[in-house]
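J.: My questions all concern the structure below.
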Amino acid sequence: MSMFIFLAICFAALALILLIRLFGGPSAADRAVAADAIEVLTDMALVLFALYSGRSIYLDIALVTAVLGFIGSVLIGRYLEGKL
Amino acid sequence: MIYVIYALIIVSLFFAAAGVVGMLRMPDAYCRMQSSTNVGTLGTLGVMIAAVLYSAIYLHDGGMAVKCAVIGIFLILTNPIAGHALAKGAYHHGVRLSKKTIMDKYGEDMEK
Amino acid sequence: MRKTTLPAFISTLVVCYIFWLLITGQIPAVFKGGAAPQILIAGVLVSILAAAFTARFFIHSRAFHLFNPVRLITLLFYCVIIFMKELIKANIDVAKRALSPKLPVKPGIVKVPTELKSDYGLSMLSNSITLTPGTITMDVADEEGGTNLYIHWIDVGSEDPKEAGDQIKGTMENWIRRIFE
């Protein structure tokens, strides 16, 4: 069981490493891609935490983060394209 | 069975780590997008299959297993759409291709 | 602006209702009997609202095309076996490139012809190409003499459009034509 929390911390650490690209990326597209990947990694950590605690309430949070991250990425992409 | 679940999660952790390293090392924004697809596909798939197996076998919670499967399918379905929008937006915004790029048919055809 | 037609409305309603059942976790209760009726009725109302507003964006023609069981089973087979094989191969390839010390990338944007005609088939093909790491579809262009896809490729294997298309698409295009055309 405590293996799950360890693996969740590993995923969260990967998301923290990606903050380098989020803050230092040369262009706006780099930052948007990094934010998208951070959202996916955070989702993974949330799902593993739901398995650790055995409660499905955290899965709802993961679903909402997934939806919001997708909408945000598409919005930034359309904005960069100049069609918004 | 629990070891199969751990192995699936560790495989997907490996691919996610490879994607993150690729995102830090690749030369330009488009190659970084390729690496971020690596995080979004096999990085999520292993965890989601493991979550479905664990919550169905050990927690005896069918609703939770279905919810895990829905999150996995949703992430896999929406990842390419976001990647496509970001790549096209970056190109029209004027993000440069790296010096290693050997051909650019899209730019040639847009200038016509 | 297109109008909402009745077949488009009905198929969007069915898909919305299945999604509602999935995210509220009612599927096991429905099969065992004893699902909470208020959740089922609320789902019908929400699905009707959602379908009435969004059906005209999702479905333009052939609304019941995928409700055919043969096509559904072919789609499932394609997703689980054919596509998964390509996905794992490409993932290992890109992970190797990212982790090797010399970073052997040779990126480029190639133009690839495709023979698919319908909107569903084209979007399925471009999503499949984007989902395999190493290739991203950037745009779809209609020209005389067929449809073309612009694809960013991390390791350009061939500059010729036909050969590049064969290397990128593999057997995926034939399966998608079998499902959607």
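J.: Shielding by partners for A:45-57, please: the mean number of other protein chain Cβ atoms within 10 Å of each residue's Cβ.
T.: Mean number of neighbouring Cβ atoms from other chains: 4.
J.: Provide, as a two-decimal number, the C-alpha radius of gyration of the range A:2-81 over 2.2 N^0.38 Å, N being how many residues it has.
T.: Ratio of Cα Rg to 2.2 N^0.38 Å: 1.21.
J.: Using the count of nearby Cβ atoms within 10 Å as a rough guide to exposure, how do C:ILE151, C:ILE48 rank from fewest to most?
T.: Least crowded to most crowded, the residues run C:ILE48, C:ILE151.
J.: For the range C:6-63, place one equal point scatterer on every Cα, skip the solvent, and apply the Debye formula. What is log10 of I(q)/I(0) at q = 0.14, 0.21 Å⁻¹?
T.: Evaluating at q = 0.14, 0.21 Å⁻¹ gives log10 I(q)/I(0) of -0.41, -0.75.
J.: What's the whole-number percent of alpha carbon pairs in the protein assembly as shown lying beyond 38 angstrom? Walk me through the intermediate numbers first.
T.: Working: 13538 of 70876 pairs.
The calculated P(r) of the protein assembly as shown puts 19 percent of pairs beyond 38 Å.
J.: Which whole number of Å³ per residue matches the convex hull of the alpha-carbon atoms in the range C:69-180? Don't skip to the end; give the middle numbers.
T.: Numbers: hull volume 9.9 nm³, N = 112.
Spread over its residues, the Cα hull of the range C:69-180 gives 88 Å³ apiece.
J.: Could you calculate the contour length gain from C:SER61 to C:LYS3, that is, 0.36 nm times the residue separation minus the distance between their Cα atoms, to one decimal place in nm? Numbers along the way, then the final one.
T.: On the way: separation 58, 0.36 × 58 = 20.88 nm, distance 1.18 nm.
Between C:SER61 and C:LYS3, full extension yields an extra 19.7 nm.
J.: Tell me the relative contact order for chain C as a rounded percent, counting alpha carbon contacts under 8 Å between residues six or more apart.
T.: 21
J.: Rounded to the nearest 0.05, what FRET efficiency is calculated for C:ASP93 and C:GLN38 with R0 set to 41 Å and r the Cβ-Cβ distance?
T.: Given R0 = 41 Å and the Cβ-Cβ separation, E is 0.20.
J.: Next question. Sorted from fewest to most neighbouring beta carbons within 10 Å, what does the list B:ILE5, B:ILE49 look like?
T.: Least to most surrounded, the residues fall as B:ILE49, B:ILE5.
J.: Sort C:CYS79, B:CYS68, C:CYS16 so that the residue with the fewest other Cβ atoms within 10 Å of its own Cβ comes first and the one with the most comes last.
T.: Placing the least packed residue first, the sequence is C:CYS79, C:CYS16, B:CYS68.
J.: Calculate the spin-label point distance for C:GLU181 paired with C:ASP160, positioning each point 7 Å from the Cα along the beta-carbon direction, and give it in nanometres.
T.: Those two pseudo-labels are separated by 2.2 nm.
J.: Same structure, new question: Going 7 Å from the Cα of B:ARG96 in the Cα-to-Cβ direction, what parts of the range A:8-43 have a backbone nitrogen less than 13 Å from that spot?
T.: A:26-27
J.: A further question on this structure: Give me the Kirkwood hydrodynamic radius of the range C:23-108 in Å, from all C-alpha pairs, to one decimal place? List each step's numbers first, then the result.
T.: Details: mean 1/r = 0.0553 Å⁻¹.
One decimal place: 18.1 Å for the Kirkwood radius.
Read-outs: derived from the displayed coordinates by stated rules, not from any lab. Source: prediction; values computed, not measured. Virtual Cβ from ideal backbone geometry, glycine too; neighbours counted across all protein chains shown.
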